[in-house]
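Have a look at the structure below, then the notes.
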Amino acid sequence: MEYFIQLVIEGLATGSIYGALALAIVLVNRATGLINFAQGGMAVVSTFVAYALFNAGAPLALAILGAIVFAFVLGAFLERVIVRPFERGDPDTAVVVTIGMFVLLGGIAAFFFGYEPRQFPSFFGLETLNLGGVFVSLRSLGTIVVLAVVVVLLQLLFRGTKLGLAMRAVADNPESAALSGLPVSRLLMIGWGLASVLGVIAGVLVAPQLFVSPGMLDFVLVYALAAAILGGLDSPLGAVVAAWFIGVIENLAGAYIDVIGNDLKIAVPFIVMIVILIVRPQGLFGRKVVVRV
Amino acid sequence: MNNTLAKLAANTWVRIGFAVVVAVVLVVLPLVSSKYVNYQLSLIAVFGVAILGLNIVMGYAGQVSLGQSAFLGLGAYIAAYGVVEGWPIPLIFVLCAVVPAIVGLLVALAAARLRGLALAMVTIALPIIGIPLAKRLREFTGGSQGTTVSWLRAPEWSGLDHDQWRYYVVVAIAVLMFLLARNIVTGRIGRAFRVVKENESVAIAMGVSPYKYKVLAFTIASLFGGVAGFLYLGIVQYTSPETLSFHTSINMVAAMVIGGSASILGTIIGAIYFVFVPNLANQVNPQLTALVSGAVLLAVLFLVPGGIVSLPRRITQAIRAVRRRAGGSPPETPQSPSDRVPAPATTRPKSTEKKNEGKRQGQ
Amino acid sequence: MMNFRNATRISGVVATGAIAALLITGCSRGEEGDGGTGGEASPGITDTTLSLGISSPLSGPTAGPGSCTVAGLYTYLEAGNAAGGFEFGDGNTRTVELTYLDDVYDPAKAVANFRQMVDDEIFAYVGALGTPTNAAILPIANEEEVPQVLLVTGATMFSSDQDANPWTMGLLPTYFDEGRAFGELLVERGEVTVAILAQNDDYGDDYVAGFEAAIEGSDVEVVASATYEPSDPTLDSQVTELAASGADALLSAVSVTPLQVGVLTKAQSLGWLPEIFLPSNTSTPATVVVPGNGAAYPAVYSTSLSKVPVSPAFAEDEDVIAYNEAFAEYGAGIAATYTPHCAWSYAEGAILEQAFAGMTEPTRASFMEALRSIEDFQAPLLLDGITVNTTDPTLPAIQGLNLVQFNGTGYGPVTAG
Amino acid sequence: MTLLELENVTASYGHAQVLHGISFQVGDNDAIGILGANGAGKSTTLRAISGMVQVGGKITFDGTDITGFRPDKVASLGIAHVPEGRGTIGDLTVRDNLRVGAYLRKDKKVADDIELCLDLFPNLRERIGSNASALSGGEQQMLAISRAIMAKPRLILLDEASLGLAPSTAQNVYRAIRRLRTEQGVAMVVVEQNAMLAFSVVDHAIVLETGSTSLAGSRDELMGMDEVRRAYLGG
């Protein structure tokens, strides 16, 4: 039993890593209606900024704060300068543009820091709590708490503020939003900026474990995409719950089902995702969209 | 000027003449080129076929696929297994086409009900699952070390070197696949694809089942992917789990868009881009390949958002614009891309109905 | 667009054109003088220069080690060039140029790079990293008779059958050997339970096979094992699984630095403190054992074959001083961070120099013969007792491993009994 | 007093010019109709005012030259555009759509005005929590108009409000528009294929043919003309 609980806890901790980045994906999708493959790359570059600041002697909190500011500017800048011309065109082209940014950002990070992973300090320390035979690391707990706080803040932003309302309106129908006087251009930049901030929060949360390297989030991004889509793409809470679900189910299947094993356990969340999507195409938490013809 | 060109292109004899020139170049090229050049040319044919399949499902039918590398890998593995087992090559070829097509069909039967991102995610899962699966099925795949083969060797009578022989085999099959694809996309099926891509409700109203045609598009794409896998093994003579790599899929999507979505010629350009750009990046600086590739990709899209195939149109447009400005005809608001946003002049209004039908945003 | 009939007609024209072209050109291309069995010089060598090529992953997840395989070798060669060049057995002194390309760990790209460099007339292909990339090149290199040697991979396939593949040779002791060395140490202990964590590829497989070969018939028992994919973000669940076995020792055949650190931190956080066995490529104290708090474990073992230039323990060593000086000048721009591959490929440069000295003719065949005749060569940066012997056609160039134990700051001789 | 003035306005989509020099004026509290066949440039005229197409000539609103302004800027000056195809924001609820309409307002009376809209269109009251995409076509049109009202504009641009609606629904919608005009005195530019509906609201109208003004006059003048009756009034 303790083993089972331990596996579930590990799954939640791993899922939190996916969830952190999934939130950023959801935010960009909410703010701009796009899927951004460069989300990981933006997060990595910003995390490297935190790394560089910390290594230059800044206290960790300050380094992270600096990286957050940088991330916001980076996101807004990329939206304005690179993504903007493609936003209303062919969606495939827009996606390929984000792929191009992903490659380019990875290259930039590598240019300055190389590809070899670098250590990053944890905000939460290395201690582990022993709760009746089940071990929970402070780092995992911290990650989960930060995620929960971010989800609450995001819900408040989208549900409770004029800015959030405006961002949703712009993502959904920029033309009508502009006709109501919404500053579409600025809102898109803010949306990307905020998503980029979420990305760097994800980055500094997972960096102590994954280390900082240009490719640190490549595979996390795939899981995060799965979580975002499974969660319904427009629901921050859904994305995080889906990410936890993926983390847990992957662990349990790998440990308990022999034929799956550690090598094929990665297939489990994806197959489950496919089945769920076929039954519920809007995802676990997505709102049902009524189709009228 | 454009008109004369168009007229010229419409002339059957000019077309045949052009085809002959292309054919002669394709035939003579390997005889005078080095093994390296032949290898690169052959790779263009290999990935041309794979990207062609991708273009059919994405460019023509409008369904995102981020899993084309899985079918490429599957085809290559089938071919490798067949070669090791000593099966006749025509049989291997047929299996390389049919088995991936069946796998694609099965996946599509389940997935084609999904749209946009959900569909993209299912296709991403293919290479993600395929790689550990390939390692697991070691008896068939050679595990992570892969399978090395030596086949498609030039027969004695041909007097050719192996690289030349392989080039001819691969390019001949690729040409056939391109002709096949052209017939598909210009025919009834291609028209149906376009309707499904444009508007599924309209498709239904016209009696075209979007589901059926999406499944068909996926199946065709998988078949092309499998054939490309066969060709891949013919040229590289080796396959391993890396062949399935998700990055290959992503790069093929990028190459497809760069070359020109929903365009046969664009596919060829895309394949050249796919093979050539890593090479170019290596020449610029082998330590900065990622930086260079990313920059090139973005630069090309900025210059020709419609893909390189639209470059001539883009140039004539630019020339016309310059002329008009010189002629002092009606003033226009500037047309630099960054000014276009709040005024989506030519794009369709994103009405609510449209959105409900096809959530295509951001796949 | 053309209709189908047109297309058919055009295909006919194509076929005709093809045949005509074949007849006209006479389908022959200048035969390339490969191998060079006569006295004539092979491509890539003149009286004053020799060119070598390497294709390694210089971008992507394996780019850290990949860059080091270039940086160390480049450092050694450039330092040698700067000192006046390399002396060859034929009496000439030559400068050696190294061309390096990025293959992103993609076999098709590696083959393209290899063919391109052969086209550009490299004399030999040396020191490349990566099992699938080198596996794809192997048959071509042997067909074209281009040396593909001193490969920085521990996979057995590149060295085990040099009679069948006479132009290919590995550099490093195989993963199999490393695994076996660990097994042998444990067998001496008697009754021990072991948990194994292995990468799901040839790396992990060879490692485990070597270990199992050593413990066969002994009292050492493997009580749990798990695998992982190099792309996994964390190995926490694998470690949790293994910890449940409570084994006395953990063989952690993990080749990814952050994951290896994660294994070390996770096991102790679960209260599981086995003896740890780390493979040579993820055992650097500064980047793995210290961040993973390896001091918490009763013992951390590894195998080692080279000195660690970045470790203070070797700061006074002559080889290390020379390496650090040269690396700062030539290699630092290529590899920003140290991995053991930097040291290995530096030693590889010295092995090449030995081979050059034995070359009596400017040919690839003569080079291979010289390369295969090195005995008991003590290459720079290799630990005492680790020597280069290339005469056995089933073994890589470097053999022998030193089992070492972590002593709080670096590695020393094995003490625990 | 002139609120809006178009002087020789041209507009083009890419390289296709659609308007070839349109001129007209709208006074305070005035309502003007734009009639014409499909493709005559009616909607484009509105889009030109809102800054949604490339324009030439001169557009003045309340003394400010707004030629080439972006849509959000135009809206902030007090012009509300109800686009063709309604342009509601599908993923947002009815209430949120109304709040988006009031985005630029800084006053505290937004809630009161939401009530006002719900009084004007009682159907919306029942659907206040539904997503706009779930509404019927008529309800969406009502929502789109309400969203414009919420901005408290000085001028409303209304594009084909009856398109695709059942005749009785269209009548309902236009009844509300008349109320809006009489009770609040908002100026309007009404584009409408159904001239009878348009004439129930406007005082003046212009008729467009392939991007140019072919006729202009007061409602009664136009209704008296044979060609207008034949072409647009079915008689």
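The values are calculated or read from the model by the stated rules, or taken from the named source; none is laboratory data. Note that the structure is predicted; figures quoted are calculated from it, not measured. Neighbour counts run over all protein chains shown; Cβ positions are idealised from the backbone, glycine included.
Would you confirm whether or not the range A:2-19 contains a residue that is of a type outside the set (Lys, Arg) and within 14 Å of chain B (Cβ to nearest Cβ)? Checked against the condition, which is being of a type outside the set (Lys, Arg) and within 14 Å of chain B (Cβ to nearest Cβ), the range A:2-19 yields at least one hit. Across the range C:174-233, the qualifying residues are those that are out of contact with any helix residue (DSSP H, G or I) (no Cβ under 9 Å at 6 or more places or on another chain) and part of a helix (DSSP H, G or I), and the one among them that is surrounded by the fewest Cβ atoms within 10 Å (Cβ to Cβ) is C:Glu188.
Considering only the range C:229-241, I want to know if a residue exists there that is over 30 Å from A:Gly19 (Cα atoms) and at pLDDT below 95. Within the range C:229-241, not a single residue is over 30 Å from A:Gly19 (Cα atoms) and at pLDDT below 95. Number of residues in the range A:1-40 that are within 26 Å of A:Lys265 (Cα to Cα) and part of a helix (DSSP H, G or I): the value is 27.
The helices (runs of 4 or more DSSP H) located wholly in the range A:179-293 that include 1 or more residues which are more than 9 Å from every other protein chain (Cβ to nearest Cβ), more than 30 Å from D:Ala102 (Cβ to Cβ) and β-branched (Val, Ile, Thr) occupy A:184-210, A:236-256, A:267-279. Of everything listed in (1) more than 14 Å from chain A (Cβ to nearest Cβ); (2) buried (at least 22 other Cβ atoms within 10 Å of the Cβ); (3) more than 14 Å from the chain's Cα centre (by Cα); (4) not aliphatic (A, V, I, L, M), the single unmet condition for B:Ser222 is (3). Does the range A:108-141 hold any residues that are within 14 Å of chain B (Cβ to nearest Cβ) and free of Cβ contacts under 8 Å to residues at least 24 places away in the same chain, and which are they? Scanning the range A:108-141 gives A:Phe111, A:Gly114.
Listed by position, the strands (runs of 3 or more DSSP E) enclosed by the range C:65-173 that each have at least 3 residues that are surrounded by fewer than 24 Cβ atoms within 10 Å (Cβ to Cβ) and in contact with a helix residue (DSSP H, G or I) (Cβ under 8 Å, 6 or more places away or on another chain) are C:93-102.
All of B:Lys354, B:Lys350 fail the test of being at the interface with chain A (Cβ under 9 Å from one of its Cβ atoms) and either modelled with pLDDT under 70 or farther than 30 Å from B:Val37 by Cβ (or both), apart from B:Lys350. Restricted to the range D:1-48, the set of strands (runs of 3 or more DSSP E) holding at least 1 residues that are hydroxyl-bearing (Ser, Thr, Tyr) and in contact with a Ser or Thr (Cβ under 8 Å, 6 or more places away or on another chain) comprises D:2-13, D:16-27. Here's a check for you: in the range C:293-314, which residue that is within 25 Å of C:Val194 (Cβ to Cβ) and in contact with a Gly (Cβ under 8 Å, 6 or more places away or on another chain) is surrounded by the fewest Cβ atoms within 10 Å (Cβ to Cβ)? For the range C:293-314, the residue satisfying everything is C:Ala295.
Within the range C:254-278, residues that are under 15 Å from C:Thr339 (Cα atoms) sit with their Cβ atoms under 6 Å from residues that are aromatic (Phe, Trp, Tyr), at 6+ positions apart or across chains, in these pairs: C:Ser255/C:Tyr203; C:Pro258/A:Phe211. Flag not set for C:Ser245, criterion: modelled with pLDDT of 90 or more, crowded, with 20+ Cβ neighbours inside 10 Å and either at positive phi or of a type in the set (Ser, Thr, Tyr) (or both). Exactly one residue out of A:Val134, A:Val146 is surrounded by 14 or more Cβ atoms within 10 Å (Cβ to Cβ) and either at pLDDT 90 or above or among the hydroxyl-bearing types (Ser, Thr, Tyr) (or both): that is A:Val146. Which members of the range D:42-63 meet the condition of being more than 14 Å from chain A (Cβ to nearest Cβ) and within 14 Å of the chain's Cα centre (by Cα)? D:Lys42, D:Thr44, D:Thr45, listed by residue number.
For B:Phe18, the conditions (1) modelled with pLDDT under 95; (2) touching a Pro at 6+ places or on another chain (Cβ under 6 Å) are fulfilled apart from (2). Taking A:Ile99, is it touching a helix residue (DSSP H, G or I) at 6+ places or on another chain (Cβ under 7 Å) and at pLDDT 95 or above? The answer is no for A:Ile99. For A:Pro174, the criteria (1) facing chain D (nearest Cβ under 9 Å); (2) closer than 23 Å to D:Phe69 by Cβ hold in every case but one, which is (1). Within the range A:70-89, track down each residue that is more than 7 Å from every other protein chain (Cβ to nearest Cβ) and buried (at least 19 other Cβ atoms within 10 Å of the Cβ). The answer is A:Phe70, A:Ala71, A:Phe72, A:Leu74, A:Gly75, A:Ala76, A:Leu78, A:Glu79, A:Val83. Could you run through the range B:228-253 and say how many residues are acidic (Asp, Glu) and more than 8 Å from chain C (Cβ to nearest Cβ)? Here the count works out to 0. Filtered by the rule that a residue be out of contact with any Phe, Trp or Tyr (no Cβ under 8 Å at 6 or more places or on another chain) and at the interface with another protein chain (Cβ under 8 Å from one of its Cβ atoms), the range B:260-286 gives B:Ser261, B:Pro278, B:Asn279, B:Ala281, B:Asn282. Candidates C:Ala357, C:Ala343: the one that is away from every other protein chain (no Cβ under 11 Å) and surrounded by fewer than 23 Cβ atoms within 10 Å (Cβ to Cβ) is C:Ala357. Among the helices (runs of 4 or more DSSP H) confined to the range D:117-214, the ones with at least 2 residues that are in contact (Cβ under 8 Å) with a residue 24 or more places away in the chain, away from chain A (no Cβ under 14 Å) and touching a strand residue (DSSP E or B) at 6+ places or on another chain (Cβ under 6 Å) are located at D:195-199.
Of all residues in the range D:64-115, those satisfying the criterion of being in a helix (DSSP H, G or I), surrounded by fewer than 19 Cβ atoms within 10 Å (Cβ to Cβ) and more than 9 Å from chain A (Cβ to nearest Cβ) are D:Arg95, D:Val110, D:Ala111, D:Asp112, D:Glu115. For the range C:175-187, the count of residues that are under 17 Å from the mean Cα position of the chain (by Cα), within 13 Å of chain B (Cβ to nearest Cβ) and at pLDDT below 95 is nonzero. Consider C:Val111 carefully, then state whether it is within 25 Å of B:Thr148 (Cα to Cα) and either modelled with pLDDT of 95 or more or β-branched (Val, Ile, Thr) (or both). For C:Val111, the condition - within 25 Å of B:Thr148 (Cα to Cα) and either modelled with pLDDT of 95 or more or β-branched (Val, Ile, Thr) (or both) - is met. Screening B:Gln145 with (1) buried (at least 21 other Cβ atoms within 10 Å of the Cβ); (2) facing chain C (nearest Cβ under 9 Å); (3) over 21 Å from C:Ala108 (Cβ atoms) gives one miss only, at (3). Could you grab the pairs with beta carbons closer than 8 Å, sequence gap of 6+ or different chains, first residue in the range D:52-64 and within 20 Å of D:Ser12 (Cβ to Cβ), second one basic (Lys, Arg)? Filtered contacts from the range D:52-64: D:Val53/D:Arg47.
Conditions (1) closer than 19 Å to C:Asn113 by Cβ; (2) polar (S, T, N, Q); (3) in contact (Cβ under 8 Å) with a residue 24 or more places away in the chain, marked per residue:
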{"residue": "B:Leu216", "(1), (2), (3)": "no, no, yes"}
{"residue": "B:Ile220", "(1), (2), (3)": "no, no, yes"}
{"residue": "B:Gly225", "(1), (2), (3)": "no, no, yes"}
{"residue": "B:Tyr238", "(1), (2), (3)": "yes, no, yes"}
{"residue": "B:Thr248", "(1), (2), (3)": "yes, yes, yes"}
{"residue": "B:Ile268", "(1), (2), (3)": "no, no, yes"}
{"residue": "B:Val292", "(1), (2), (3)": "yes, no, no"}
